[in-house]
Number of protein chains: 2
Amino acid sequence: MTRPRYDLELLLDVAIEEFTKRGYDGTSIEHLSTATGLSKSSLYHHVEGKEHILRLGLERAVTPLLDLLDEQEAREGRAIDRLTYVLRRQIAILADQLAAVTLLLRVRGNTETERWALEQRRTFDTFIADLVRAGVADGDLRDDLDPAVVARLLSGTVNSLTEWYRPGHGSLSPETIADTMLSSSLTGLRA
Amino acid sequence: MTRPRYDLELLLDVAIEEFTKRGYDGTSIEHLSTATGLSKSSLYHHVEGKEHILRLGLERAVTPLLDLLDEQEAREGRAIDRLTYVLRRQIAILADQLAAVTLLLRVRGNTETERWALEQRRTFDTFIADLVRAGVADGDLRDDLDPAVVARLLSGTVNSLTEWYRPGHGSLSPETIADTMLSSSLTGLRA
DNA sequence: GTCTATAAATTGATAGAC
DNA sequence: GTCTATCAATTTATAGAC
């Protein structure tokens, strides 16, 4: 048995990094060729085209995020508990698929694939906003703040982790970062 | 008196938007030509080259942010009060120069100008981190959370506003958003 | 201050040999 | 599955007329 998938995954590792560094439009097939060590023709043997590479890279982030939502469909319990659980899982996915999630957050909607990615993001963000509203309705979250703004701030804070979080090197674990984020968000920073 | 500066400012309005939408590398002079209605040659009459346009656009965001830091140099008072003041002002600058700040946050360091911009961002972020540490030392901020992480989360939350805040249209004012952000961060979301 | 014309290099993609 | 060679279109930038 050969390993064509393995080679594809390696190509995606490189492509996601390049797309993130230079932007999708700013990254040429030639860049990917240089970075992988494969000729341009060989790349076209593995994928249908440039946009196909983007799609496969984005799916690494989108799939686990949507799986998390699906898994939540039948969940019960207080909204505030489900919210904290989903945010923790979102942070875990971000840490596990850091490069792909970073790429997902950088996509702007200039191609069909990018617009698809933005739609998936919107689905996820809407879910978070619904949980915040439900948490306020339950009386567990403050009702003097705009729930829509609160939800966006929470999502923004989580997503901003891609700007600085790097795994390994005795760095903080994703769980510790999630603890800090949720503790400061829910209980506040004041001593 | 002619108005060469005015034409340059108009060009920058367009260029900042295009650079933000497609990325700096992904935006061609031809794009800018189409978007401004000027020929490519005419653009080169106004600026030295593509990277010069980026530099001028980024300065719209960098200059007021560094001015804010300069103004803080001689400030007195408790760190927590200075921190909330600086964050409020940062949000005001973000709202006032939304397009340029968005571009600043999207720059990745592929050119000399981009690396300069990243350096200015780092200067600002370091200032925030110092204020958080001082706030903990004063006993005004919780000492059970990593101040470096807290500072990054605060900066990330502020910067995430570029992802959704849009002025006008009876939308929330920057001041209201700052109120919500600071209240939730300092006092917490729990009811 | 604007334009057309053009330069040399790079773009996404394909043909076809091995 | 890899390569070299090549395509038509696009890239940043310049020359020089008006």
request  = Test A:ARG82 against the criterion of being modelled with pLDDT under 95 and on the phi < 0 side of the Ramachandran plot, and give yes or no.
outcome  = no
remark   = In the range A:156-191, anything among the polar types (S, T, N, Q) and touching a helix residue (DSSP H, G or I) at 6+ places or on another chain (Cβ under 7 Å) is listed as A:THR157, A:ASN159, A:SER160, A:THR162, A:THR180, A:SER184, A:SER185
ask   = With (1) without any contact (Cβ under 8 Å) to a residue 60 or more places away in the chain; (2) at the interface with chain A (Cβ under 10 Å from one of its Cβ atoms) as the list, and B:ASP130 as the residue in question, which single condition is left unmet?
value = (2)
ask   = With respect to A:SER171, is the statement that it is within 21 Å of the chain's Cα centre (by Cα) and surrounded by 22 or more Cβ atoms within 10 Å (Cβ to Cβ) true?
value = no
request  = Answer yes or no as to whether B:ASP70 is more than 16 Å from DNA strand D (Cβ to nearest atom) and at pLDDT 95 or above.
outcome  = yes
ask   = If you scan the range A:26-47, which residues turn out to be near DNA strand D (Cβ under 8 Å from one of its atoms) and of a type in the set (D, E, K, R)?
value = A:LYS40
request  = Only one of these is buried (at least 18 other Cβ atoms within 10 Å of the Cβ) and over 30 Å from B:GLU18 (Cα atoms): A:ILE53, A:ILE91. Name it.
outcome  = A:ILE91
Selection within the range A:114-146 - over 13 Å from B:ALA191 (Cβ atoms) and among the acidic types (Asp, Glu) = A:GLU114, A:GLU119, A:ASP125, A:ASP130, A:ASP146
task = Would you mind telling me which numbered condition in (1) at negative phi; (2) over 17 Å from the mean Cα position of the chain (by Cα); (3) more than 11 Å from chain A (Cβ to nearest Cβ) B:LEU186 fails?
result = (3)
key: Which listed residue, of A:LEU68, A:LEU38, is more than 11 Å from DNA strand C (Cβ to nearest atom), under 28 Å from B:THR111 (Cβ atoms) and surrounded by fewer than 20 Cβ atoms within 10 Å (Cβ to Cβ)   = A:LEU38
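The values are calculated or read from the model by the stated rules, or taken from the named source; none is laboratory data. Everything quoted here is computed from the prediction, not taken from an experiment. Ideal geometry is used to build each Cβ from the backbone, glycine not excepted, and the neighbour counts take in all protein chains shown.
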